[in-house]
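What follows is a single structure, written as structure tokens, with notes after it.
The values are calculated or read from the model by the stated rules, or taken from the named source; none is laboratory data. Because the structure is predicted, anything quoted here is derived from the model rather than measured. Glycine also receives a Cβ, built like all others from the backbone with ideal geometry; neighbour counts cover every protein chain displayed. We work out accessible area using only protein heavy atoms, side chains counted, and drop any ligands, DNA or RNA first. Shrake-Rupley method; radii C 1.70, N 1.55, O 1.52, S 1.80 Å.
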Amino acid sequence: SSGINAEWPLRPGVRRGSILCMTHVCVSLHKVIQQNNFQDESAMLPKFLAVCVPLVFDVARSDKDREIVCCALECINEMLKEMKGGLIAEEEYFDSLIEIVKDVLQHKTACQKDSEDDTFCDDVEDDSELTTVLVDFAGSILPSLATAMGGQRFTPYFKNFLPLIIPKEGRKRSERSLAAGTLAEICQAMKESIIPFSDNMYSVFMRGIKDNSEEVISNSVFGLGVLIESSGPTLAPRYPEILGILSTFLKQDGDRRTIDNVLGAVARMMKTNPGSLPLDTIFPTFVKWLPLQEDYEENITVYSSIYGLLSSNCQVAIEQLPTLIPLMITQLTNKKVDDETKAKLTEILQGVTSQYQDLTLKSITSDQAEILKQALAHVNGS
């Protein structure tokens, strides 16, 4: 496959379409085999991969059109997410993938060269947005790789990638934001395997939280929450410091996405180590800032943490039920709330309303009572 681009003088749109089509065939074939427990006796998938993977990898490495390279990186990530370890079982594919991501992060691929003197540029001003997108696509492969390999196997590679991801002093806002987001997703994918890096990651996210960009702050707060969850009790001694800093973002004119991520981070602390928190102080404040208004992806984390506290008969959580019950019912009709969250809300409400029937009736309007009735009827199959 080496040098295939030189003999591939197709228009960018055709090249892009070809890469997408090949990827789609491989992903679809894998899905069919998995979903139907199909025995691939003729080795159709390995044959397709043997054509597709080297070609897509070569495009990522050698094509000079950044949009095409972005497409190739996105396709690699799609295959990795779908096939997981199946894509990187071949040592040659795995080694190539590691090198491609490393090259993009170091601005060493063909499309990152300076067109005038054919040297590699670390600070490309032209197409700077596309350059950032390129690094974003490469960076997003790493959490998928960690998931495919498992955190423990990914650890030595993460150690090597870490200096390439953490932005150097004076980098643009987009690069700082991207780094925080990528590291957060890697922490999430590595789970408890991130613990040896927890002090380093803690410093990186805390630095990001003190940034002057809302986007960097928001991503760093999310990253801190994920790090807390993945690290278990490791960071519990730092909870007072973390709570002190996070509380400064809870203000009426504050950035709402950041506030939602603060609530997500506190929810992760409550799920991971509730005994290390002053729940009687923080839980009423936590409830006061609900529901989430921008980062709806944190909903499942928030309501799972509430479910956990109520399941353990936490008195502070029970005292907040007159506020929580109508709030949760209202979220059942919010079109921006996903089905997984609505299922969790219904599960909480089912338990709460049977255990605290009188309190529920006193806390809700007739309209809310009707919404609740329909939701519970749907769950009970009536």
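Pairs under 8 Å by beta carbon, first residue farther than 15 Å from LEU349 by Cβ in the stretch 297-308, partner modelled with pLDDT of 95 or more and open to solvent by 30 Å² or more (accessible area, probe 1.4 Å), six or more apart or different chains?
GLU298/PHE222; ILE300/ASP338; ILE300/GLU340; ILE300/LYS344; THR301/LYS271; SER305/LYS271; GLY308/LYS271; GLY308/PRO274
Checking LEU309 against (1) crowded, with 18+ Cβ neighbours inside 10 Å; (2) not in a helix (DSSP H, G or I): exactly one of these is not met. Which one?
The single condition LEU309 does not satisfy is (2).
Here's the yes/no breakdown for (1) of a type in the set (Phe, Trp, Tyr); (2) crowded, with 18+ Cβ neighbours inside 10 Å; (3) part of a helix (DSSP H, G or I):
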| position | (1), (2), (3) |
| --- | --- |
| ARG171 | no, no, no |
| SER174 | no, yes, yes |
| ALA180 | no, yes, yes |
| GLU229 | no, yes, yes |
| PRO237 | no, no, yes |
| GLN252 | no, no, no |
| ILE259 | no, yes, yes |
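Determine whether THR341 is open to solvent by less than 40 Å² (accessible area, probe 1.4 Å) and of a type in the set (Val, Ile, Thr).
yes
Identify, please: which residue in the stretch 208-227 is not polar (S, T, N, Q) and not in a helix (DSSP H, G or I) and is, among those, least open to solvent (accessible area, probe 1.4 Å)?
Taking the candidates together, the pick is ASP211.
Let me spell it out: the conditions are (1) farther than 12 Å from LEU321 by Cα; (2) of a type outside the set (Lys, Arg); (3) open to solvent by 80 Å² or more (accessible area, probe 1.4 Å), and THR346 meets all of them except one. Which number is the exception?
(3) is the only condition that THR346 fails.
Here are some residues: GLN315, GLN374, GLN320. Which one is buried (at least 17 other Cβ atoms within 10 Å of the Cβ) and out of contact with any strand residue (DSSP E or B) (no Cβ under 6 Å at 6 or more places or on another chain)?
Working: GLN315 fails: buried (at least 17 other Cβ atoms within 10 Å of the Cβ); GLN374 fails: buried (at least 17 other Cβ atoms within 10 Å of the Cβ).
Checking each option against the conditions leaves just GLN320.
Please determine, by comparing only the residues of the stretch 90-113 that are more than 24 Å from the chain's Cα centre (by Cα) and open to solvent by 50 Å² or more (accessible area, probe 1.4 Å), which one is nearest to GLN34 (Cα to Cα).
GLU90
Out of the stretch 262-281, which residues are closer than 22 Å to ALA184 by Cβ and either touching a Leu at 6+ places or on another chain (Cβ under 9 Å) or among the basic types (Lys, Arg) (or both)?
VAL262, LEU263, GLY264, ALA265, VAL266, ARG268, MET269, MET270, LYS271, THR272, ASN273, LEU277
For the stretch 182-195, enumerate the residues that are among the β-branched types (Val, Ile, Thr) and either surrounded by fewer than 22 Cβ atoms within 10 Å (Cβ to Cβ) or in contact with a Pro (Cβ under 9 Å, 6 or more places away or on another chain) (or both).
THR182, ILE186, ILE195
For the stretch 196-207, name all the residues that are in contact with a helix residue (DSSP H, G or I) (Cβ under 6 Å, 6 or more places away or on another chain) and either open to solvent by 10 Å² or more (accessible area, probe 1.4 Å) or of a type in the set (Ser, Thr, Tyr) (or both).
Across the stretch 196-207, the qualifying residue is only SER198.
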